[in-house]
1. Go through the chain and tell me which strands (runs of 3 or more DSSP E), entirely inside it, have 3 or more residues that are hydrophobic (A, V, I, L, M, F, W, C), touching a His at 6+ places or on another chain (Cβ under 9 Å) and surrounded by 11 or more Cβ atoms within 10 Å (Cβ to Cβ).
2. Inside segment 37-65, can you point out the residues that are at pLDDT 95 or above, under 14 Å from HIS26 (Cα atoms) and among the small types (Gly, Ala, Ser)?
Amino acid sequence: MGYRYGDEIEIVIDRDGLGCDEGVGHLPDDTMVVVAGAGGMVGQAVHATVLGIESTRLGPSLLANARG
């Protein structure tokens, strides 16, 4: 996975996240992306900025913030 803080991505939201106003999508390599500001946007493509990478027992996931 070649993403870093500040990278811009476009992601389709698969489902709502656990937190308030979060959406979850997956990159082509199946990496999960949790996007703040994308709650209620299931099925929509969202432009987001990568805020960090979190290691989980299932592998790395990205934390991102939806843009405008």
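The values are calculated or read from the model by the stated rules, or taken from the named source; none is laboratory data. Being a predicted model, the structure only gives us computed values, none of them experimental. So basically every Cβ, Gly included, is an ideal-geometry build from the backbone, and we count neighbours across all protein chains shown.
1. On the way: elements: 8-16, 22-26, 32-36, 45-56, 59-66.
Once the strands (runs of 3 or more DSSP E) in the chain are filtered for at least 3 residues that are hydrophobic (A, V, I, L, M, F, W, C), touching a His at 6+ places or on another chain (Cβ under 9 Å) and surrounded by 11 or more Cβ atoms within 10 Å (Cβ to Cβ), what remains is 8-16.
2. ALA38, GLY43, ALA45, ALA48, ALA64
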